[in-house]
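> Encoded as structure tokens, here's the structure I'll be asking about.
Each reported figure results from applying straightforward, stated rules to the coordinates on display, with no laboratory input. This one's a predicted model, so the numbers in the text were calculated from it and none came from an experiment. FYI the Cβ positions are ideal-geometry reconstructions off the backbone, even for glycines, and counts take in every protein chain you see.
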Amino acid sequence: MELYVHIPFCVRKCRYCDFLSMPADEETRNRYVEALCHEIEYYGKVFKHSSQREAGNEKETIFSGSQQIETIYFGGGTPSVMGAEALVCILECIRNSFDVIEDAEVTVEINPATIDKNGLQNLRENGVNRLSIGLQSANAEELKLLGRIHDYEDFLSVFSDAVEVGFKNLNVDLISSLPGQSVKSYLESLEKVIALKPEHISAYSLILEEGTPFYEVYSQRPDLLPDEEEDREMYHLTKEKLGEAGYGRYEISNYAKPGFESKHNSGYWKRIPYLGLGLGASSFMNHTRWKNISDLKEYLQIWGQTDFENNGDFVRCGQEKEADGTGKCCPIYEEYERLTLQDEMAEYMYLGLRMSEGVSLERFEACFGRKMPEVYGDVLKKLAEQGLLVIEQQKDRVYLTDYGMDLSNYVFEKFLIL
């Protein structure tokens, strides 16, 4: 099982960002840590209780199954804006509440301008073994346009400090197809990052998300963005240059040196159960997906109490949503959905096909009791004829071609419309 911990705070909102994030004062951040630890402790007890029920052969709940935590991911927002001591406190609470395996992958997202060498040392000494550094671009004008609070020199300093204090698993984020960006300027950023030899590089194309300043401006002025030909050139150059440097593309936008693929993110694409903790965090386990409330004031009110366990059985309340048909979930859940067999089969396909290794025919049948060609035979045949997908029966593998990766959204839609 995996844990995702959402830290919704940042110094200021970037102009392209639609994540659940916001600036907050120190008092609010401190209250959030306290509330988050209460939530962690609560779910720790829920899982232990569920395990005891199973041992007594009582009815399973959505929390039945493996209790061991294999990965922990602090995302945001900007987790590093909390300070290393707060993150270490949260991590200690997790270890006290859950069965975390000894070599668990523990990742923290950081912004280069929000942590110093001492903070990095503190994280490293307390079990964080992977950092994801949000560079986005090495170009000063592009960083300013994005609304980032750091410059390239800040990034170089943090990267160097991270290596010096002993981090051996570093990811760097890059974004292409930015307003005014040329193929040349993107390639310069990419080559600068490659020269540093991080273990992992995530390279995304800009998506204009509704509700962001970027959307308001550039959805009306697409001429200010790189055209489709330039976007595709940046995309293909990314794969070419990273491949030459020894990075394998294991997912549409993610590249790693051998053995350094993100275990946590791979778990999402392989549909490994995960529990989301914190404001607006999502969870998936036992045929069920749900999302925590996104209102910070409500979150702090509910989880800020030390006597929260007496406010009702939150977990049972979530499950009752199905039966009572009200559509109203319990106070801690904003969304709650019991997946159908069709939902789960579709997810297996469009999430798994994001990965270069693709999906397993045998595992599909083991999970759902039906053969993949029986369910998606016509779709698979058509995609294969179009050169988008390869079916290797003997190798138990179905995967996208390079062309299929280029048109992945088109491919995924085919599994959603059945």
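> For the residue pair residue 209 and residue 356, what label-to-label distance in nm results when each label sits 7 Å from Cα along the Cα-to-beta-carbon direction?
2.7 nm
> Continuing with this model, one more query. Hey, got the Cα dimensions of the chain along the principal axes, in Å, largest first?
Computed over the Cα atoms, the extents are 61, 56, 44 Å.
> Which distance in nm do the two modelled labels at residue 25 and residue 245 give, with both placed 7 Å along the Cα-to-Cβ direction?
In this crude spin-label approximation the distance works out to 4.3 nm.
> For the range 201-208, take each phi angle, set θ = phi - 60°, evaluate the Karplus expression 6.51 cos²θ - 1.76 cosθ + 1.60, and give the result in whole Hz per residue in order, putting x for glycine and proline.
Values, residue by residue: 9, 9, 10, 10, 8, 4, 10, 7 Hz.
> What's the exposure ranking of 6, 38, going from fewest to most Cβ atoms within 10 Å?
38, 6
> Greater than 25 Å separation of Cα atoms is the criterion. Which listed pairs, 239/270; 13/291; 192/257; 184/414, meet it?
184/414
> So, in nm, how far is label residue 406 from label residue 334 when the simple model puts each one 7 Å beyond its Cα toward the Cβ?
3.7 nm
> Each residue of the range 32-45 in turn: what ³J(HN,Hα) in whole Hz from Karplus with 6.51, -1.76, 1.60 and θ = phi - 60°, glycine and Pro shown as x?
For the range 32-45, the Karplus-derived couplings read 5, 4, 4, 5, 4, 5, 5, 4, 4, 4, 4, 5, x, 5 Hz, x marking Gly and Pro.
> Just subtract the alpha-carbon distance of residue 99 and residue 118 from 0.36 nm times their residue separation and send over the number in nm, one decimal.
Here the segment from residue 99 to residue 118 would lengthen by 4.0 nm.
> I would also like to ask the following. Please find the FRET efficiency linking residue 384 to residue 125, where r is the Cβ-Cβ separation and R0 is fixed at 45 Å, and quote it to the nearest 0.05.
0.30
> Name the residues whose placed amide hydrogens come within less than 5 Å of the amide hydrogen of residue 339, ignoring near sequence neighbours (fewer than 5 apart) on the same chain.
The answer is 288, 289.
> Pick from 41, 251, 385: which is most flexible by mean-square fluctuation in a GNM of the chain where alpha carbon atoms under 10 Å apart are linked?
385
> So what is the relative contact order for the range 2-267, in percent, with contacts set as C-alpha pairs under 8 Å and at least six apart?
Contact order relative to length: 18 percent.
> Output wanted: per-residue J couplings in Hz (rounded whole) for the range 372-378, from phi through Karplus 6.51 cos²θ - 1.76 cosθ + 1.60, θ = phi - 60°, x for Gly and Pro.
4, x, 5, 8, 10, x, 5
> Another question, then. What ranking of 285, 349 emerges when the number of other C-beta atoms within 10 Å of each C-beta is taken as an exposure proxy, fewest first?
Result, fewest neighbours first: 285, 349.
> To continue, here is another question. If packing is taken as the average number of other Cβ atoms within 10 Å across a peptide's residues, how do 209-215, 22-28 rank, most packed first?
Output ranking for 209-215, 22-28: 209-215, 22-28.
> At 0.36 nm per residue, and after removing the present C-alpha to C-alpha distance, how many nm does the segment from residue 217 to residue 197 gain when stretched out fully?
3.7 nm
> For residue 141 and residue 165, what is the calculated FRET efficiency with R₀ set at 35 Å and r taken between the beta-carbons, to the nearest 0.05?
Once the sixth-power term is evaluated, E becomes 0.65.
> Name the long-range amide H neighbours of residue 5: under 5 Å, sequence gap of 5 or more, or other chain; modelled H, no Pro or chain starts.
73, 74, 75, 277
> What is the set of long-range amide H partners of residue 132 at a cut-off below 5 Å, with H atoms built 1.01 Å from backbone N?
Answer set, sorted by chain and number: 108, 109, 110, 171.
> Let me ask another. Kindly rank 216-224, 149-157 from highest to lowest mean number of other beta carbons found within 10 Å of each residue.
149-157, 216-224
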